[in-house]
Amino acid sequence: MLKRLALRLIKPVAAAGLAAVLSLSALLPASALTEQEQKTLKDLNSYFNSVKTMHGDFIQFGPDGSQSDGKFYMARPGKVRFYYNKPSVLDIVADGKSVSVRDRKLNTQDIWPLGQTPLRFLLSDSIDLQRDTNVTNVLVEEDLVTVTIFDKTKFNSGTLTLIFDAKDYALKQWTVTDQQGYDTSVAVYNVVSNAPTNPDLFKIDYLANARQDKN
């Protein structure tokens with residue numbers, strides 16, 4: 001179950017049926033946003049682009065109510081590591097071009113192109129939410145800012161919801177919604193920004209897949 005949730009976190013969401021459940025307002029271009037909403041996006045861009053590394057704790061919430069947690073490490077552009085605490089045996093790594101989901105118990109892994117996953121928005125070198133994404137909604141509240149993105153790739157589409165602190169624009173949570181409307185959310189806390197990181201955290205063992213295919 002936890003592996004399926006982790007795959008939903010990074011795996012592209014199928015396009016079938018999604019367009020039917022999206023409202024017309026969800027397909028409006030970013031230019032249809034108000035001046036205040038556009039200013040909020042610019043402020044979020046400034047925050048994001050000032051943060052090159054992050055590490056902290058995370059909790060993942062599945063659509064069935066299940067929870068898992070662990071440590072995460074991020075180094076932009078393109079690199080992230082999610083190490084799940086026991087009883088989970090998962091390890092998710094992005095090395096700048098690919099994302100792997102490894103099962104530490106079975107010693108198996110699945111690999112996808114980073115550019116075909118929602119993580120590419122969080123890990124790009126220079127982030128411009130208004131220019132590079134299809135923002136469908138910006139909700140500014142007293143304590144939180146919520147940005148909803150319609151994510152469409154060549155073969156897949158889906159929605160990504162980002163939640164930020166309204167005061168300092170720190171990222172608090174993101175949610176990936178699948179084709180059936182099920183949400184998988186990741187909340188981050190105890191976050192430290194712009195601290196040194198270990199490059200070895202972001203290495204994918206590609207030879208492991210070759211050995212796996214032979215068995």
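Every number in this text was worked out from the coordinates using simple rules, so none of it is lab data. As the structure is a computational prediction, the values presented were derived from the model and not from experiment. Positions of Cβ are backbone-derived with ideal geometry, glycine not excepted, and every protein chain shown enters the neighbour counts.
Overview of values
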read-out	value
Region 55-120: trypsin sites (Lys or Arg not before Pro) in DSSP coil with no more than 16 other Cβ atoms inside 10 Å	Lys97, Arg104, Lys105
Nearest-0.05 FRET efficiency for Asp128 and Val192, computed from C-beta distance (R0 30 Å)	0.75
Chymotrypsin sites (Phe, Trp or Tyr not before Pro) within region 80-125, DSSP loop, no more than 10 other Cβ atoms inside 10 Å	none
Compactness index (Cα Rg / 2.2 N^0.38 Å), region 34-120	1.30
Among the listed pairs Lys97/Lys203; Lys52/Lys79; Lys39/Lys79; Lys71/Lys172, those beyond 19 Å (Cα-Cα)	Lys39/Lys79
Potential lengthening between Gln36 and Asp69 on full extension [0.36 nm per residue; Cα-Cα distance subtracted]	8.3 nm
Stokes-Einstein diffusion coefficient of region 23-174, Kirkwood radius over Cα pairs, 25 °C, 0.890 mPa s, in µm²/s	147
Relative contact order (%) - criterion: Cα under 8 Å, at least six apart; region: region 24-128	18
